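Visitor: Below: one structure in C-alpha cells.
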Amino acid sequence: MSGLAVRAAASVRSPRGRVPEGVPAALDYFRDLLTPFGEKPDEELLSRGPHVHHRDLVDLLVADGGVGRSRPELAIVAHALPDVVPFTAVAPHLTEQLGGRAVNFAIGQQGLAAPFTALRIASAYHRSGRAAEVVIAVLEQTTLPTPFPLPLPRETSLTDSAAALVLGASTGEGLGFVRAHAAGSAAAALGRELGEDGTLLVLGPWVTEDVPDHGVVHRVAPGSYCTSLWLELADHWQEWQRDFRRIVLCDTDPRSGRSHVALFAATGG
C-alpha cells in the first residue's frame, strides 16, 4: 500500500474569542488541580484571555472546503496546551463534522511532540489498511489559569491558532509523509535528513541551537508552542512540493529539550 500524502490543509490564526463563560466553575477545578503542587489559578489571567475553545478552532478548520469535504476513517486532535473548558472531548466533534465514521481520539500531554506522534499513528493505521484517509487537527488555545507550562520570557506571547492536514493514499504528484522521529538535540535529530539536494529545512521558533549547514532554510516566526510548523505547512505545502523534493520540519520542545523532526517528500506523477 502506498504511503500517506497531503491532500488538503487549512490554518487558523487569532480567531475572535468568546465572552468568558463558566469561569467560576473552572476556577474550582483548577484550584483542586494545582493546590497539591503549591500553585493556584490566576483569576485575572484566566479572565482576560481570548477564550477560544478547541471546538471553535475545529469549526473554523472544517469551514475550509478542502478539510470540510474530507470523510476520514481516522481523526486525530493534537494539542500541547489544555482546552479552556476542562473535560471537553473535541475529537468526536471533529468526527461528527466530517461524516461521523472515523475512529477518533486526542493526543495531549506530550508538548509539541503531539503532532509528530499523530503522524506516526496515522501512517501505521494507513499501512495496516484501517484508514484510507486521515485528518489531523493541531490545536492551540492560550487562555490558561497560570503562566505554566512554558518557560516564556514575559514579553513573549502566544497566539490562538490551529492547523489541519488531510492525508490520503499517495497517487500521482503530491507531498508524502515519510517518517517522524526525535532526538536529544536538533543537530542529532536532523543528522539523517539533511545533505540531499532539493531539501527545504523548516525550523520552528524553539530551535535556538546551531544546526548542520544547509542551503535552504525557512525559519518560523514565534507565536505558538506546538502549531507553528503545521501552520506553515498548511499554508505552503503546495508551493513547497513544486519547489523542493524533500521538506524537513524540525522544532525543539522548550520544556523537555527534545527535538522532533518530520520528513515529507514530493511524490512523482
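The values are calculated or read from the model by the stated rules, or taken from the named source; none is laboratory data. Just so we're clear, the structure is a prediction, and the values are computed from it rather than from any experiment. Glycine gets a Cβ as well: all are built from the backbone with ideal geometry, and neighbour counts include every protein chain shown. In case anyone asks, the SASA skips ligands and DNA or RNA and just uses the protein heavy atoms, side chains included. Shrake-Rupley method; radii C 1.70, N 1.55, O 1.52, S 1.80 Å.
Visitor: For Thr117, which of the numbered conditions (1) under 27 Å from Ser259 (Cβ atoms); (2) open to solvent by 60 Å² or more (accessible area, probe 1.4 Å) fails to hold?
Guide: The number of the failed condition is (2).
Visitor: Sticking with this one: Determine which single condition Leu60 fails, assuming it passes every other condition in (1) free of Cβ contacts under 8 Å to residues at least 40 places away in the same chain; (2) buried (at least 16 other Cβ atoms within 10 Å of the Cβ); (3) hydrophobic (A, V, I, L, M, F, W, C).
Guide: (1)
Visitor: Could you identify the single residue in Arg69, Arg48 that is open to solvent by 40 Å² or more (accessible area, probe 1.4 Å) and more than 20 Å from Leu158 (Cβ to Cβ)?
Guide: Arg69 is the lone residue from the list that is open to solvent by 40 Å² or more (accessible area, probe 1.4 Å) and more than 20 Å from Leu158 (Cβ to Cβ).
Visitor: Is it the case that some residue within the range 144-157 is within 16 Å of the chain's Cα centre (by Cα), at negative phi and either hydrophobic (A, V, I, L, M, F, W, C) or part of a strand (DSSP E or B) (or both)?
Guide: Within the range 144-157 (the criterion being within 16 Å of the chain's Cα centre (by Cα), at negative phi and either hydrophobic (A, V, I, L, M, F, W, C) or part of a strand (DSSP E or B) (or both)), the answer is no, since none of the residues qualifies.
Visitor: Within the set of pairs 6+ apart or on separate chains, which have a first residue in the range 130-144 that is without any contact (Cβ under 8 Å) to a residue 60 or more places away in the chain and over 14 Å from Asp59 (Cα atoms), a second that is surrounded by fewer than 24 Cβ atoms within 10 Å (Cβ to Cβ) and of a type in the set (Asp, Glu), and C-beta atoms under 7 Å apart?
Guide: Taking only residues 6 or more apart or on different chains, the pairs are Arg130/Glu73; Ala131/Glu73; Ala132/Glu73.
Visitor: Go through (1) at pLDDT 90 or above; (2) open to solvent by 10 Å² or more (accessible area, probe 1.4 Å); (3) out of contact with any Pro (no Cβ under 6 Å at 6 or more places or on another chain) and name the single condition Ile136 misses.
Guide: (2)
Visitor: Filter the range 253-269 for residues that are part of a strand (DSSP E or B) and over 18 Å from Pro212 (Cα atoms); which is least open to solvent (accessible area, probe 1.4 Å)?
Guide: Phe264
Visitor: Now for a different question. Can you run down the residue pairs with Cβ atoms below 8 Å, 6 or more apart or on separate chains, where the first is in the range 115-126 and under 13 Å from Leu249 (Cβ atoms) and without any contact (Cβ under 8 Å) to a residue 40 or more places away in the chain and the partner is open to solvent by 20 Å² or more (accessible area, probe 1.4 Å) and assigned to a helix (DSSP H, G or I)?
Guide: Going by the 8 Å Cβ cut-off, there are no qualifying pairs.
Visitor: Something else about it: What's the total number of residues in the range 87-114 that are within 24 Å of Pro254 (Cβ to Cβ) and either open to solvent by 30 Å² or more (accessible area, probe 1.4 Å) or part of a loop (DSSP other than H, G, I, E, B) (or both)?
Guide: Number of matching residues: 4.
Visitor: Quick check on my filter: what residues within the range 227-252 are in contact with an Asp or Glu (Cβ under 6 Å, 6 or more places away or on another chain) and either assigned to a loop (DSSP other than H, G, I, E, B) or open to solvent by 30 Å² or more (accessible area, probe 1.4 Å) (or both)?
Guide: If the condition is that a residue be in contact with an Asp or Glu (Cβ under 6 Å, 6 or more places away or on another chain) and either assigned to a loop (DSSP other than H, G, I, E, B) or open to solvent by 30 Å² or more (accessible area, probe 1.4 Å) (or both), then Thr227 is the only one that fits.
Visitor: Give the range 214-226 a look and list any residue that's open to solvent by 50 Å² or more (accessible area, probe 1.4 Å) and not in a strand (DSSP E or B), or say none.
Guide: Gly215, Ala221, Pro222
Visitor: Mind listing whichever residues of the range 242-255 are touching a residue at least 60 places away in the same chain (Cβ under 8 Å) and out of contact with any Phe, Trp or Tyr (no Cβ under 8 Å at 6 or more places or on another chain)?
Guide: Those that are touching a residue at least 60 places away in the same chain (Cβ under 8 Å) and out of contact with any Phe, Trp or Tyr (no Cβ under 8 Å at 6 or more places or on another chain): Cys250, Arg255.
Visitor: Checking Val77 against (1) of a type outside the set (S, T, N, Q); (2) in a loop (DSSP other than H, G, I, E, B); (3) more than 19 Å from Ala169 (Cα to Cα), only one condition comes out false. Which one?
Guide: Here Val77 meets the rest and fails (2).
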